[in-house]
1. Picking from K258, K295, which residue would you name as being of a type outside the set (V, I, T) and within 16 Å of the chain's Cα centre (by Cα)?
2. Among the numbered conditions (1) among the polar types (S, T, N, Q); (2) modelled with pLDDT of 95 or more; (3) touching a strand residue (DSSP E or B) at 6+ places or on another chain (Cβ under 9 Å), tell me where N180 comes up short.
3. Here are S113, S128: which of them is modelled with pLDDT of 95 or more and among the polar types (S, T, N, Q)?
4. Kindly indicate whether any position in the stretch 385-407 is of a type in the set (D, E) and free of Cβ contacts under 8 Å to residues at least 60 places away in the same chain.
5. Out of the residues in the stretch 218-232 meeting the condition of being closer than 14 Å to L332 by Cβ and touching a His at 6+ places or on another chain (Cβ under 9 Å), tell me which one is most open to solvent (accessible area, probe 1.4 Å).
6. For the stretch 366-409, name all the residues that are within 27 Å of P320 (Cβ to Cβ) and touching a strand residue (DSSP E or B) at 6+ places or on another chain (Cβ under 6 Å).
7. Which residues, taken from the stretch 45-67, are among the hydrophobic types (A, V, I, L, M, F, W, C) and loosely packed, with under 14 Cβ neighbours inside 10 Å?
8. Anything in the stretch 100-118 that is open to solvent by less than 10 Å² (accessible area, probe 1.4 Å) and either touching an Asp or Glu at 6+ places or on another chain (Cβ under 7 Å) or β-branched (V, I, T) (or both)? List them, or say none.
Amino acid sequence: MKEKTSRALGEEAARTSTSAVASNAPVILSNEPGSFAWGVLAKRHPALIQQVRDAFPYGRRQHEALDALLDEITNGVVEPLAPAERDHERWAVSGQEHFGRSWYDAPFLWAESYFYRRLLGAVGYFGSGSWQGVDPFAPFKKAELGGDAVEEELRALDALANVSAVERATALLHASLWGNRADLGFRVAAGEPEAGDAAAPALVADDSALLWRLLPVGAGSTVAVVADNAGRELIPDLILIDHLLEQRHADRVVLHVKPYPYYVSDAMTADVVDCLRRLIEAPGEASRTGGRLWKAMAAGNLEVRTHPFFCAPQPYGEMPEDLRGEFESAALTILKGDLNYRRLVGDQLWHATASFADLTSYFPGAVAALRTLKSDVIVGLEEGTLDALERSGDAWRTSGTHALIQVRQ
């Protein structure tokens, strides 16, 4: 047997250390009535089934499958995929401890991911019929992309055209951060977020200075961006990417998206194209930005990639080696959104002051999380910040009114 390299030993030690830390925090389940995770399974998922049903003229077969899925998640137990399904074996392995049990007793991350896989199966997305490859969430994405809110946000770009590069960088980073409020799945069960209590900061952690130090101008680096949502979030992500390339914070950006529909509004390659067209068709600075990005893709300075792991129910600590190599070669990996954060630090009941650096020590290379808070998981807070948030009385962990920028060098 060949001896392990020092790098391999280091990575193994980091994973072991992270695993040891992780054992101290309970995995989040959905079986506590009134909890955020319970609400997702009990309210958001049934509502989403109805919305998907109403959005398309599905036939009898799809309607029966959606009815069966609704009955299963509300009254039944977790059923495995049929043996003939393309990814039966992968889900059989990850779900072997959960099949035959209540959906609410499975880990929240797994149950939520498996629900979306089952929803796609119910509408025939992976089948051989006429509904194969039809994104069941496309009507929601298109409606948002064509809405007045996007129009207003694109017009605001003109005001940034003549400010300093530093001011523009800050504004675009924050636009990318807060764009996650546009998560369509989040809005199925909640209204638009309102401003938080003035005593509790809306930005609960801010490592933006370190983020920019890791991306010095002219360093010739590659930046990886792992997208979350399409539409109103993906557009500011793309505008931020344009800034990174235009101001030479990066020579190349790799944008990672989902290989198929996931979590309602998650971005795929088709959504990237739709957003680029939306930019180009807009007036002023938005159109110029879209044109630069289109050319950057043709030149290879912006590349869109995907990987099956982005639709998997495992944390990033279990990512395959090929994806690990992708992130390792980047000067910085920027992970967008709530789901990526849960997979980065572990979907567990951490104390909010647990170390972000320790919990992400396994990750190959520098990593940044840009996330609005829409689930219970949170780490890396200062004690004083946590105290102020708790005193506010707000549902700050899950309401989408607070956000963070956390970086591990």
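1. Numbers: K295 fails: within 16 Å of the chain's Cα centre (by Cα).
Answer to the selection: K258.
2. For N180, the exception is condition (2).
3. On the way: S128 fails: modelled with pLDDT of 95 or more.
Exactly one of S113, S128 is modelled with pLDDT of 95 or more and among the polar types (S, T, N, Q), namely S113.
4. Pass one, the stretch 385-407, residues of a type in the set (D, E): 387, 390, 394.
Add one more test, that the residue is free of Cβ contacts under 8 Å to residues at least 60 places away in the same chain, and what stays is 387, 390.
There is at least one residue in the stretch 385-407 that is of a type in the set (D, E) and free of Cβ contacts under 8 Å to residues at least 60 places away in the same chain.
5. Just the residues of the stretch 218-232 that are closer than 14 Å to L332 by Cβ, to begin with: 219-226.
From the residues that got through so far, the ones that are touching a His at 6+ places or on another chain (Cβ under 9 Å) too are 219, 221, 223-226.
Working: A219: 61, S221: 16, V223: 0, A224: 4, V225: 9, V226: 2 Å².
It comes out as A219.
6. A366, V367, A368, A369, L370, R371, G380, Q406, V407, R408
7. Step one: filter the stretch 45-67 for residues among the hydrophobic types (A, V, I, L, M, F, W, C), giving 47-49, 52, 55-56, 65-66.
Result: A47, single match.
8. Hit for the stretch 100-118 is F108, nothing else.
The values are calculated or read from the model by the stated rules, or taken from the named source; none is laboratory data. This one's a predicted model, so the numbers in the text were calculated from it and none came from an experiment. When we count neighbours, we look across all protein chains shown, and the Cβ atoms used for this are built from the backbone with ideal geometry, even at glycine. Accessible surface is based on the protein model in full, side chains and every heavy atom, while ligands, DNA and RNA are left aside. Shrake-Rupley method; radii C 1.70, N 1.55, O 1.52, S 1.80 Å.
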